[in-house]
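Peer 1: Dropping a structure here in structure tokens format, bear with me for questions.
The values are calculated or read from the model by the stated rules, or taken from the named source; none is laboratory data. Since the model is a prediction, treat every value here as computed from it, not as a measurement. A quick note on method: Cβ atoms are made from the backbone with ideal geometry, for glycine too, and the neighbour counts reach across all protein chains shown.
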Amino acid sequence: MVIEIANVDKIYHSEAEKIHALKDISLKIEEGEFISIMGHSGAGKTTLLNLLGCLDGISNGKLKIMKKDLDLVKKKDFPKFRRDNIGIIFQDFLFVPTLTALENVMLPLHFKRKKDANAEKKAKNLLTKVGLEKRINHFPRELSGGEMQRVAIARALVNEPKILLADEPTGNLDTKNAQNIFDLLKEINAKEKMTILVATHNKKLGKQAKRHIHIEDGSIKEDSV
Amino acid sequence: MRLLKIAYKNLKRKKIRSLLTIGGVSVAVAVLVSLLGFNSGYQLALNNDVDKMGYQVLVTAKGCPYEAATLMLKGGGGMRYMEENVYNRIVQDERIDQITPQLMTTVYNAGKEGGGGFTMYMGILDSYLVLKPWSKFESGSWFSSEDADEVIIGYEAAELEQREVGDMIFIPGKEQILKVVGIFERTGTQDDGVIFMPLKSTQRIFELPNQITGIGIKLKKLSDLMQFEEDLYDEASIQVISMAQVKGTIMGLISSAQILVTSVAIIAIFVAIVGVINTILMSVFERTQEIGVMKAIGASNLDIFQLIWYETIFICLIGGVLGSVMAVLAGNLVEYFVKALLPYAPAGKLIYIDAKLILSTQIGAVVLGLISGVYPAFRAANMRPIEAIRSGE
């Protein structure tokens, strides 16, 4: 079991109200699964991924990743925990604009204190794998949406994570590019046996995953294979 | 890839803003380097001036002792005179190693380069050279007699007057023509601008019979100085000035000016720190989402803290280097203004900027960067990744 979620709530407190973003979520995810998390905007898909990415904390319940109870992980240890276990892909790509594609992919390795030569070799291999070997020295502004998302995938994979979280990775792409990116994720899942969770509101793409979780108003409405 | 490289690239992102901030730091550093350079330069120049007078004690006619000492150092009109027999009495004292009388006077020369000016004349005896063994002849030799109508010219005065040995010079208002018999080598002191004459000739030409303006004395033992001064208190018409006291008093006068300039430098540094903090803080706020993403992909708080700190250190280090270059290049201009403002400015360079000063200023600039960077770096390091990422939505 790579992810175990038991009766998890996520509540946001604003000045005016209490927002129950996730309600009593329970899930068990095995190694190598490819899961799509579907639902409308505001359903709670991103909130769930943020919790799984250790970017945010749960309000109630239990969350275990790689058999580690996150309640017991110290705050200062989260960056290392993320580096070692989790890769994240964002809808808006979110690159450092002053760095080239290659440098952006090398960045997580730098935070892992990898030697530059090794980091560069690894980052180049990954960019080649996602079909961007001729674009490695281009800056993000010089890349198309599809290319940027490929760079983001390479960046998420560079630390060889056990779990890959993708939040609307095709949200800013046209149909063809969206399918290409989804195919790439499927290929990574098949070859690397990596656990992948993709949040998407695109039903056509979501259905291509091995397991589908449908969230509505913060609760799981459907969990099917 | 290093954090340093990322920090450098971040600064290039907003070039104008970074340059303006670096400019602010440069100005502060330039003021500081000039001030510290002035501090050591002035002291060195003053020490050089006083030491090259060749004596430890100056005896002058009664009056303000420091005014007298300054006039002896700097030259100028308004000297008080005393009887030459004072010299004849003091010279008998066994505690004295060397002694020389001087008669200093100035003449306004309307034809002088730059719209007229004063020329300094000093009547001396051959004992003057004994007290100042570094005064060597570049050409020519000593006066032919104690009452000769001859002059020996200081290096700069000779250059200014365009005179060589064998030429004649004319003293305006005195209708006197004198022959140049020698030119001294450059000493780096006020002596370089003086025209020397035999004491007796000076007394005769300037109609000051048996008058002198000062007596320079070098004692056999410096420890006798206090007693020596006390013994001369009985002489009603004279005063004794220790050159060590003169140094201390002039430095004391200068220190008040230094306090003022130091205050300006401190304000400039404070403004520079605020400028750097403001720039980096703005840059941090603009990059909130980016910082959030870095944390999401594995950057620790320390990584982010270092990154922001490097940016401030870059700004301050570049500002420090540019400021030092500015101080060195503008040194002559600053010196010109300082010399014009100060009541007494010694000869030689007043602003002395050496490698040690530059190095310590660079270290200071880095410390400035470290201090300025703490708050923005702390803010950035403590951002919660999820909130930082959401800030861009």
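Peer 1: Report, by residue number, each residue of segment B:141-158 that is surrounded by fewer than 17 Cβ atoms within 10 Å (Cβ to Cβ) and in contact with a Gly (Cβ under 8 Å, 6 or more places away or on another chain).
Peer 2: Taking segment B:141-158 and keeping what is surrounded by fewer than 17 Cβ atoms within 10 Å (Cβ to Cβ), we get B:141-142, B:144-148.
Scanning segment B:141-158 gives B:Ser141, B:Trp142.
Peer 1: Here are some residues: A:Leu157, A:Leu173. Which one is within 30 Å of A:Asn118 (Cα to Cα), at pLDDT below 90 and hydrophobic (A, V, I, L, M, F, W, C)? Outline the logic, then answer.
Peer 2: Working: A:Leu173 fails: within 30 Å of A:Asn118 (Cα to Cα).
From the options A:Leu157, A:Leu173, the qualifying one is A:Leu157.
Peer 1: If you don't mind, there's one more thing I want to ask. How many residues are within 8 Å of another protein chain (Cβ to nearest Cβ) and either basic (Lys, Arg) or on the phi > 0 side of the Ramachandran plot (or both) if we restrict to segment A:65-97?
Peer 2: Summing the residues that are within 8 Å of another protein chain (Cβ to nearest Cβ) and either basic (Lys, Arg) or on the phi > 0 side of the Ramachandran plot (or both) in segment A:65-97 gives 5.
Peer 1: While we're on this one: Can you give me the number of residues within segment B:338-358 that are in a helix (DSSP H, G or I) and modelled with pLDDT of 80 or more?
Peer 2: Adding up the residues that qualify gives 4.
Peer 1: Within segment A:155-184, track down each residue that is more than 12 Å from every other protein chain (Cβ to nearest Cβ) and among the aliphatic types (A, V, I, L, M).
Peer 2: Selection gives A:Ile163, A:Leu164, A:Ala166, A:Leu173, A:Ala178, A:Ile181, A:Leu184.
Peer 1: Before we move on, is A:Leu63 surrounded by 13 or more Cβ atoms within 10 Å (Cβ to Cβ), closer than 21 Å to B:Ile386 by Cα and among the aliphatic types (A, V, I, L, M)?
Peer 2: Considered against the rule, which asks whether it is surrounded by 13 or more Cβ atoms within 10 Å (Cβ to Cβ), closer than 21 Å to B:Ile386 by Cα and among the aliphatic types (A, V, I, L, M), A:Leu63 comes out as yes.
Peer 1: OK, next. Based on this model, can you work out whether B:Val165 counts as part of a loop (DSSP other than H, G, I, E, B) and of a type in the set (Val, Ile, Thr)?
Peer 2: The answer is yes for B:Val165.
Peer 1: How many of the residues making up segment A:67-113 are more than 17 Å from A:Asn50 (Cβ to Cβ) and acidic (Asp, Glu)?
Peer 2: Residues flagged as more than 17 Å from A:Asn50 (Cβ to Cβ) and acidic (Asp, Glu) within segment A:67-113 amount to 4.
Peer 1: In addition: Among the residues of segment A:100-118, what is the count of those that are more than 7 Å from chain B (Cβ to nearest Cβ) and modelled with pLDDT of 85 or more?
Peer 2: Matching residues across segment A:100-118 total 6.
Peer 1: Only residues that are away from chain A (no Cβ under 12 Å) and among the polar types (S, T, N, Q): list them for segment B:277-318, please.
Peer 2: B:Asn278, B:Thr279, B:Thr312
Peer 1: Taking B:Ile267 and the conditions (1) surrounded by 14 or more Cβ atoms within 10 Å (Cβ to Cβ); (2) of a type outside the set (S, T, N, Q); (3) over 30 Å from A:Lys76 (Cβ atoms), which numbered condition does it fall short on, given that it satisfies the others?
Peer 2: Exception for B:Ile267: condition (1).
Peer 1: So, of the residues in segment B:6-24 that are away from every other protein chain (no Cβ under 11 Å) and crowded, with 18+ Cβ neighbours inside 10 Å, which turns out to be nearest to B:Val366 (Cα to Cα)?
Peer 2: B:Ile22
Peer 1: Given the condition among the hydroxyl-bearing types (Ser, Thr, Tyr), assigned to a helix (DSSP H, G or I) and out of contact with any helix residue (DSSP H, G or I) (no Cβ under 9 Å at 6 or more places or on another chain), answer yes or no: does some residue in segment B:307-329 qualify?
Peer 2: No, the conditions are met nowhere in segment B:307-329.
Yes/no per residue for (1) modelled with pLDDT under 90; (2) under 22 Å from A:Leu51 (Cα atoms):
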position: A:Leu184; (1), (2): yes, no
position: A:Ala190; (1), (2): yes, no
position: A:Ile196; (1), (2): no, yes
position: A:Ala199; (1), (2): no, yes
position: A:Asn202; (1), (2): yes, yes
position: A:Leu205; (1), (2): yes, no
position: A:His214; (1), (2): no, yes
position: A:Val225; (1), (2): yes, no
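Peer 1: Could you tell me whether B:Leu3 is in contact with a Leu (Cβ under 8 Å, 6 or more places away or on another chain) and within 14 Å of another protein chain (Cβ to nearest Cβ)?
Peer 2: For B:Leu3, the condition - in contact with a Leu (Cβ under 8 Å, 6 or more places away or on another chain) and within 14 Å of another protein chain (Cβ to nearest Cβ) - is met.
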